[in-house]
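Read through the structure below, which is laid out as structure tokens, and then see the notes.
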Amino acid sequence: MEFKGKNFALIGFGVSNSSLAKYLIKKEANIYIFDEKYDEELDLEQIEKLSQHGKVSLFNGDKYEDNNELEGIDILVVSPHVDPKHPKVLSANNKNIPIYVDVSLFLEIWDGRGPVIGVSGSNGKSTIVTLLNKIFEDSKKKVFLGGNIGTSPFDWVDDAKDDDIAVLELSSFQLEYFNENHFVDYAIITNISDNHLDRHGNSISEYAKVKLKMVKPKHTKLVIDVDDSGIQKYVTPNLKDVDVIPVSLETISNEVDYDGVYTNSNGDIVIKKSEEETIVFPYNSERYIKGLHNLYNIACTLGLVQYFDLDTKKVIESISDFKGLPHRIQFVDEIDGVTYINDSKATSPDATIKALEALDLEDKSIILIVGGKTKGAKFDVWKPYLEKYVKHMIILPGTAYDIFASLAEDCGIDFVNAESMDEAVKHATEFSSVGDAVILSPGVGYGIFANFNERGEKFIESVSRLRGSK
């Protein structure tokens, strides 16, 4: 792709597009930044530095809607949160201006230099890409991590060499902008459940189809969890001419003839290939990341790394040493016999269900902190889990309040609202007793918080203050 002298319009100046802007300036492209934020919310110092090395024009705040017709623009790059119905996106479509997100542009630049791994799904993406990164690094493979995990591939694309491995976490928002030229060599789709349906016409079927946009028939090797009902219903029927590696921990390996990842009669995870079985994660292996859902994350990871020349023993060690990610069923503290768990990353109904199950506690011993911005998902699936595990619910501000209040009433669970995280933790402490767990697992978007990181950090800070008051 030729960059010199080309006019790039960037909608949004967050993590992905700010990294891309630095890359484009080095390639002598002209940049037009459009961001609805006002000056005090933008990194104007960074934009000024870019301007010192190339042509940069900024249209923000009241000027954000300027040039919706994109006069003189050659290429449009959007931040993933930008809706495809945005006037500039519609204008670009009408004018046949190429539209990208940073990862799709990266794929065209990378162009087969080394294997590209893409991981998507409703839950578990960040855990898997981070685990893959650790496994490759521990095995002395040169690997680069980027995408939805919070690092743009344009931070490292110039440093990568032929045969280096690129691992990308890909959200539905990013994949929505992929076309037939954008695909990965190896892919994992973890699971499919209600998530971001407000962006996909309130259709889980359309949401699932977007996940498959990274898969190129007759090229991509795809790992899927075939035990997942969403995968069964919305993914497998749409697979044609795709090399699929099924993962099923409900299937005993000697009972099937198909290659894949299964368990044997001893409970070990095995890879079955050409009627031969290899134990890749013994039943008694230690692991920090708890819960059945994380065992599936491990199994999917093992299904993919079989295609790389790695030592099985070293892979097992890497998995056993992996401590997981912040804000994902993260132990925070134990105070007066009560455990505090940060699962702020849970932004879908299914993610919270997995957290409740993973805690493996006695019935009715969880105080659950929920709440935030609804994304169109349905929460009736929570009822049996709330009735079994939860004795009290605390609801943070946001558009999902009525949903959670109604659910709590239907399940006979006492609930209160909290205007802040400090207040939520204070209520949780009042309602808990020895042996209980307080878990922040909101099930929805961020509400009064900027993102899941801020929400989780506020919870950790509130628990820390509780510890200090004892």
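The values are calculated or read from the model by the stated rules, or taken from the named source; none is laboratory data. Fair warning: this is a prediction, and the values are worked out from it, not measured in the lab. When we count neighbours, we look across all protein chains shown, and the Cβ atoms used for this are built from the backbone with ideal geometry, even at glycine.
Only one of the listed residues (335, 316) is over 21 Å from the mean Cα position of the chain (by Cα), within 18 Å of residue 427 (Cα to Cα) and modelled with pLDDT of 95 or more. That residue is 335.
Take the conditions crowded, with 21+ Cβ neighbours inside 10 Å, farther than 30 Å from residue 353 by Cβ and assigned by TED's automatic domain parsing to the domain that holds residue 304 and apply them to residue 160. Does it pass? Steps first, answer last, please.
Values: crowded, with 21+ Cβ neighbours inside 10 Å: no; farther than 30 Å from residue 353 by Cβ: yes; assigned by TED's automatic domain parsing to the domain that holds residue 304: yes.
So residue 160 fails the test.
With respect to residue 438, determine if the residue is exposed (fewer than 14 other Cβ atoms within 10 Å of the Cβ), more than 15 Å from residue 372 (Cβ to Cβ) and hydrophobic (A, V, I, L, M, F, W, C). So residue 438 does not fit the description; no. For the stretch 12-32, the criterion of being in a loop (DSSP other than H, G, I, E, B) and over 28 Å from residue 168 (Cβ atoms) is met by none of the residues.
If you check residue 126 against the conditions, is it touching a helix residue (DSSP H, G or I) at 6+ places or on another chain (Cβ under 9 Å) and of a type in the set (S, T, N, Q)? Quick ask: steps written out before the conclusion?
Working: touching a helix residue (DSSP H, G or I) at 6+ places or on another chain (Cβ under 9 Å): no; of a type in the set (S, T, N, Q): yes.
So residue 126 fails the test.
When we screen 303, 291, 324 for residues that are of a type in the set (Gly, Ala, Ser) and touching a Phe, Trp or Tyr at 6+ places or on another chain (Cβ under 7 Å), the only hit is 324.
Restricting attention to the stretch 5-57, and to residues there that are more than 23 Å from residue 106 (Cα to Cα) and either acidic (Asp, Glu) or in contact with a helix residue (DSSP H, G or I) (Cβ under 6 Å, 6 or more places away or on another chain) (or both), which single residue is surrounded by the most Cβ atoms within 10 Å (Cβ to Cβ)? Ranking the qualifying residues of the stretch 5-57, first place goes to 36. Within the stretch 112-143, the set of residues being touching a Ser or Thr at 6+ places or on another chain (Cβ under 9 Å), surrounded by fewer than 23 Cβ atoms within 10 Å (Cβ to Cβ) and not in a helix (DSSP H, G or I) comprises 139 only. Taking the stretch 187-298 and the strands (runs of 3 or more DSSP E) fully enclosed by it, the elements with 1 or more residues that are more than 21 Å from the chain's Cα centre (by Cα), on the phi > 0 side of the Ramachandran plot and at pLDDT 95 or above are at 260-263.
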